[in-house]
Amino acid sequence: MTSQTPTVDQYSLTVDADDVVRETLSNVGDTERGQAFEDAMSAVRCADSRTTTFILPASVNLDLDSYAPDNDLTEINDWRNVLTSLEDSGFAKLARVLTEDSDGSYASDDITVTAVTVPEGFKVVEVRYDYAPMFGLGRIPVTGGTVGETWEVPAGTYIVGETGNYARMDTVAVAYLEGTDHDAEDLFFTVAENEEFGVSRASSGCDADETHQWEAEGGSWRFRGEYAGGEAPDYDFDDAEDFSDDTHACPVEGCTGRVGYTVY
Ligand SMILES: [Zn+2]
């Protein structure tokens, strides 16, 4: 398992959640092929008020008339819950693979990893309507439109990594896996045990005395010497002083060394 070098400053001991997710997913699957999915979801999230995004089976091709208002096609416009609306529309199945809370880890943001199984390829089509100028109440007449860009998403399993907080999660990487029968529990171990996925344990050590070593876990700032198999006195990261270059002064009385960190 490789370790992450965290950003260390007063009251800040974190690894960048986006980096962790990107590096992990690039080991888990094909992030270049995952890009097609990321682009399609991003088109839905970014659609403006004049644009409607439809989701269709990959094999279906429609002309502009088919997209006329009152069509019975499936719109996918819920940018806050793109993944859920994908599942609701029947084009994908979701399984939560992993959730990492920033409070219970050293990650800078919350992390979620979701497996999105796409049994049959689909496409997201952007349609932009032209509206007649109209004043007053009532429905605004559509006078025409344009079928804009199309994003094709082939069948397979997409491992979607998101970061953020309770208010908003953003997709930072998507890894593609061949096949549609991946087990969520197996995927959990594939992600959580990946060498790049290190957010929950931290170790610290002094450059002047090799017995000054500590460990902490679960996002805790209480560093314990005994956890590292030594007898250095415990310390709280809150009480550390004299920060520079991601290190701080050794908390052991009389020691002039610098303490550095790894997260894994
Ligand atoms: Zn020391």
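Quick note: the coordinates plus some simple rules give every number you see, no bench work behind them. Just so it is clear, the structure is predicted and the values come from calculations on it, not from any experiment. Quick reminder, even Gly has a Cβ in these numbers, built from the backbone with ideal geometry, and neighbours come from all protein chains shown.
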³J(HN,Hα), Karplus 6.51/-1.76/1.60, whole Hz, each residue of the range 71-88, x for Gly, Pro: 6, 10, 7, 8, 7, 9, 10, 7, 5, 6, 10, 4, 5, 5, 6, 5, 5, 4
Given charges at Cβ of Lys, Arg, Asp, Glu: the range 122-264 dipole, positive-most of THR171, PHE188, VAL124: VAL124
Computed [θ] at 222 nm, helices only, for the chain once each DSSP H run of length n ≥ 4 contributes -39500 (n - 2.57): -5000 deg cm²/dmol
Label-point separation, THR146 to ASN27 (7 Å along Cα→Cβ), nm: 4.5 nm
Residue (of GLY229, THR52, SER42) at the positive-pole extreme of the chain, dipole from beta-carbon charges: THR52
Alpha-carbon spread of the chain, three principal axes, descending order, Å: 80, 46, 23
Length-normalised contact order for the range 162-246 - Cα pairs under 8 Å, 6+ apart - percent: 15 percent
For the range 1-72 versus the range 182-212, the gap between their alpha-carbon centres in whole angstrom: 26 Å
Segments 40-46, 223-229 sorted - mean Cβ within 10 Å per residue, highest first: 40-46, 223-229
R0 of 41 Å, Cβ-Cβ distance ALA95-THR7: FRET efficiency to nearest 0.05: 0.80
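Assigning unit charges at the beta carbon (Lys, Arg +1; Asp, Glu -1) and nothing else, what dipole magnitude in debye, to the nearest 20, does the range 7-192 show about its Cα centre? Write out the running numbers ahead of the final one.
On the way: 11 positive and 35 negative charges, 131 e Å.
Dipole of the range 7-192, to the nearest 20 debye: 620 debye.
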Gaussian network model of the chain, springs between alpha carbon atoms under 10 Å - residue of ASP18, ASP88, ASP109 with greatest fluctuation: ASP88
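State, as an integer percentage, the relative contact order of the chain based on alpha-carbon contacts under 8 Å between residues 6 or more apart.
Numbers: 593 pairs, mean separation 63.5, N = 264.
Computed over the chain, the figure is 24 percent.
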Gain on full stretching of the segment that runs from TRP79 to ARG45 - 0.36 nm per residue minus C-alpha separation: 11.8 nm
